[in-house]
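Participant: Handing you this structure, nothing more for now.
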């Protein structure tokens, strides 16, 4: 499975801003693409680096008011993504 599909599946299941089921299924498309692009452009993806990227992407898009997950939440998601990619 491609990194894009893995990221999409895991991010949508996580629903980091709590938008589902009201939002369209592609609500996180921009963020998913940014995270997948990061993974594809990185030789060895580390959990800490990926979790920081996830936090950064969602904070930039939704702001601190809407994206209230902490770095540990992002690490859990990063681990899931890396485990599925491996």
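The values are calculated or read from the model by the stated rules, or taken from the named source; none is laboratory data. Because the structure is a prediction, the values reported are computed rather than measured. Glycine gets a Cβ as well: all are built from the backbone with ideal geometry, and neighbour counts include every protein chain shown.
Participant: Can you say whether residue 78 is outside any helix (DSSP H, G or I) and under 20 Å from residue 5 (Cβ atoms), as far as the supplied structure shows?
Facilitator: Numbers: outside any helix (DSSP H, G or I): no; under 20 Å from residue 5 (Cβ atoms): yes.
Considered against the rule, which asks whether it is outside any helix (DSSP H, G or I) and under 20 Å from residue 5 (Cβ atoms), residue 78 comes out as no.
Participant: Name every residue in the stretch 10-32 that is surrounded by 15 or more Cβ atoms within 10 Å (Cβ to Cβ) and either in contact (Cβ under 8 Å) with a residue 24 or more places away in the chain or part of a loop (DSSP other than H, G, I, E, B) (or both), in order of residue number.
Facilitator: 10, 11, 14, 16, 17, 27, 28, 31, 32 - these are the residues of the stretch 10-32 that are surrounded by 15 or more Cβ atoms within 10 Å (Cβ to Cβ) and either in contact (Cβ under 8 Å) with a residue 24 or more places away in the chain or part of a loop (DSSP other than H, G, I, E, B) (or both).
Participant: Could you list, in sequence order, the residues of the stretch 33-69 that are part of a loop (DSSP other than H, G, I, E, B) and either within 13 Å of the chain's Cα centre (by Cα) or modelled with pLDDT under 95 (or both)?
Facilitator: Pass one, the stretch 33-69, residues part of a loop (DSSP other than H, G, I, E, B): 42-46, 67-69.
Once the filter is applied, which keeps residues that are part of a loop (DSSP other than H, G, I, E, B) and either within 13 Å of the chain's Cα centre (by Cα) or modelled with pLDDT under 95 (or both), the stretch 33-69 yields 43, 67, 69.
Participant: Mind listing whichever residues of the stretch 50-68 are touching a residue at least 12 places away in the same chain (Cβ under 8 Å), surrounded by fewer than 18 Cβ atoms within 10 Å (Cβ to Cβ) and more than 18 Å from residue 29 (Cβ to Cβ)?
Facilitator: 52
Participant: Here is a check on your reading of the model: is residue 40 within 19 Å of residue 85 (Cβ to Cβ), out of contact with any helix residue (DSSP H, G or I) (no Cβ under 7 Å at 6 or more places or on another chain) and in contact (Cβ under 8 Å) with a residue 24 or more places away in the chain?
Facilitator: Criteria not met by residue 40.
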